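Each remark here refers to the structure printed beneath this line.
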Amino acid sequence: MKQFTYTITDPLGIHARPAGLLAKAAKAYAGTTVTKDGNTVKATQLMKLMGLTVKQGNVVTVAADGPQEDEAIAAMEAFFKANL
């Protein structure tokens, strides 16, 4: 399992648009999760991502597990830096 932590810089946090983009990007990689305050959801589950209520300044942990974990974690890290 590979993981990284990220502090959200987007003033609106993970709201509908970036959550949708994140879920879409994560579909290519099974086993990708996002964790905030001990609550973990699959990165492909749009409504659950929004249910984490991630705001600017919150720290999330993104993890990937499986045969593509290296590729998945690199892609997710790039996504978070570009969009959140």
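No value in this document is a laboratory result; all are computed from the given coordinates. All figures in this text were calculated on a predicted structure; none of them were measured in a lab. Every residue, glycine as well, gets a Cβ built from its backbone with ideal geometry; the counts of neighbours run over all protein chains shown.
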Below 8 Å, C-alpha to C-alpha, sequence gap of six or more: please give me the relative contact order for the range 2-83 in percent.
43 percent
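Using the Cβ atoms and a cut-off under 13 Å, what net charge is assigned to the surroundings of Gly31, where Lys and Arg are +1 and Asp and Glu are -1?
On the way: positive: Lys2, Lys27, Lys42; negative: Asp65, Glu69, Asp70, Glu71.
Around Gly31, the charge tally is -1.
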Between Leu12 and Lys27, what is the label-to-label distance in nm when each label sits 7 Å out along the Cα-to-Cβ direction?
2.1 nm
By the scheme Lys and Arg +1, Asp and Glu -1, what is the net charge of all other residues having a beta-carbon under 15 Å from that of Leu52?
+2
Helix 69-83: angle to the longest alpha-carbon principal axis of the chain, degrees 0 to 90, nearest 10?
20 degrees
What does a probe at Asp65 reach in the range 1-38, counting residues whose amide N is under 20 Å from the point 7 Å along Cα→Cβ?
1-6, 23, 26-38
